[in-house]
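What follows is a single structure, written as structure tokens, with notes after it.
Values quoted throughout were computed directly from the atomic coordinates according to the rules given, and no laboratory measurement underlies them. Worth saying up front: this structure is predicted, and the values here are computed from it rather than measured. Because the Cβ atoms are built from the backbone with ideal geometry, glycine has one as well, and the counts that use them run over all protein chains shown.
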Amino acid sequence: MTSVWQVLAGLGLFLLGMDYIERGLKGLGNELLVRVLRRSTVTPWRGVLVGASATALMQSSTLVGLLVLAFVGAGVMPMQNALGVVAGSHVGTTLTGWLVATLGFKLDLTTLALPLIGIGGFVTALLAPQGRIAAAARLLLGFGLLLFGLGFMKTAVDGLAEQVDISLFDNYPVQMFALLGLLLATVLQSSTATMMISLSALHGGVITLPMAAAITAGAHIGTTGTMVLGVLRGDASSRRVAAFNVIYSTSTALLALFLLLPWLAPMQARLGVTDPLYMLVGFHTTFTLLGVLLFYPFIVRAAPLLERYVGARRDQLGHYISKVPPLVSEAAQTALARESLHALGRALDLVVRPFGGQAGEALRPPQPARHRLASRPGHLEDYAALKTLEGDILDFATRMHTATLSEATVARDNRLTNAVREAVYAAKSIKDVLGNLEDMRIRPATQGWITDLGGHVLATATTLETLLVAHVAGEQEDAPGDAASGVATQTLAHLASAHEQAIHQAMALPGGWGGYLQSTALNVIREVDQSIVSLLRAASLVLSGQESSD
């Protein structure tokens, strides 16, 4: 029983060490990893290489997978490139197995672990959790705990081997061990930890090489659980990436079990490899590489198939922020920016719709097709949806700011949320005179006047939409912003001047109107004026970074 507890203690120390390593690497280079994932995965093949390298560095395919989901959800990484990163991340997990098989069972791990734990633990306890020195200390502490836990497992399994008759397992099919590996990796959420258990048990003689290989193949599937959980409330793009990960991992594991595993023993004899640990890690690397090579031609074709068969939810207003973790800073900032433009697109539609026009569609994400018998939501329902979206955006921004962000980032986020607030003000102003607008549109005496005013509103809204769409295109291409900013500033100034003239002309009411029509027209002019001014402020905040005057 003591040996069992030693195995569990060693496994616990190993997992704790991996957690400290991950946190230390995040503190040292998480922003670099984010930039590399976003900007270097321009093709599926480069995605494979980046995914393998990032996972080998971070020692966490789960972390890399969740970052990929965040970028896909934010719309900054094409799905087919994300699929390449996911496939490559499985290759990156094989590095630890080689290091442990080469060094972990050949050296005195305690001698190596104690200085790392001593220095790393001492510095971690004395320093604040922030800062690069503290991150480096957590990294040292993590490596020390990992080595100490591995040494514990090695010693405990050696003792356990004397108490276990390995022949008891001969009657069990290897598929049972694959299921065991799947369950272990699902519970531990670490194929690396499961691999360490297999290596320790194989080194201690508790299991045979085919049994350990089957456990490793099953663990290849089990680690997909975290990504699946990560998209339970995500959008369709994130769910498609997670679906591909499950399909890819399951297919690769089946390939390993039914095509490669039967050749493992003959290949060991042919190669003359006497150490079964090398054969196990070699088996792991071989089937992950074969999986990438076999699946790579289908990655480009997989994206449209997933889009066809993995559908989107229809009950989410937030298209971008609903599936991006607010603490993944760069992806969260992109999601906030795009969701803010989505809100502006909704506001533009609400402003021009009562005048019989359309605007803002280019700023909104693709909408799921409505059933042909389903009616379009009314103006008040859409305004309520915009208010709800504004609240979701503000809540998302608040949660983003619980992390340590630069002053420039916080100021940018505040400009975006202020822009959304101005857009809601613009929509509210038109909502307040819906009845007046409808009344004036059906009266022969006022139809011409309201048509002219509506033409001005529509022209302003469509110009703002064009400016904002160009702004999005410029950001995606990382184009220089000085010239574009100058054009935007001039256009906004022209729109403001044209609006003053339009309102001045509208104030010259036709003669013969009674007091009721004059009062109604003045009310409409006031609200339209406030609406257009709010839209100009919102666009200015997005395009040129000016603070709201409110």
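Exposure proxy check: 442, 393 ranked by fewest other beta carbons within 10 Å?
On the way: 442 9, 393 26.
Ascending number of Cβ neighbours within 10 Å: 442, 393.
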Region 179-219 residues near the modelled residue 263 label - backbone nitrogen below 20 Å, point 7 Å along Cα→Cβ: 209-218
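Return the FRET efficiency for the residue pair residue 171, residue 289: r is the Cβ-Cβ distance, R0 is 35 Å, and the value is rounded to the nearest 0.05. Before the final figure, lay out the partial values.
Working: r = 33 Å, r/R0 = 0.93.
Taking R0 as 35 Å, the efficiency between residue 171 and residue 289 is 0.60.
Please find the FRET efficiency linking residue 327 to residue 445, where r is the Cβ-Cβ separation and R0 is fixed at 60 Å, and quote it to the nearest 0.05. Present the calculation step by step, with values, prior to reporting the outcome.
Working: r = 58 Å, r/R0 = 0.97.
Calculated transfer efficiency: 0.55.
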Per-residue Cβ neighbour rank within 10 angstrom, fewest leading, 220, 456: 456, 220
Cβ-derived FRET efficiency at R0 25 Å, residue 300 paired with residue 271, nearest 0.05: 0.10
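Cut-off is 10 Å between beta-carbons; in what order do 200, 329 appear when sorted fewest neighbours first? Intermediate values should be presented prior to the final figure.
Numbers: 200 30, 329 19.
Neighbour counts put them in this order, fewest first: 329, 200.
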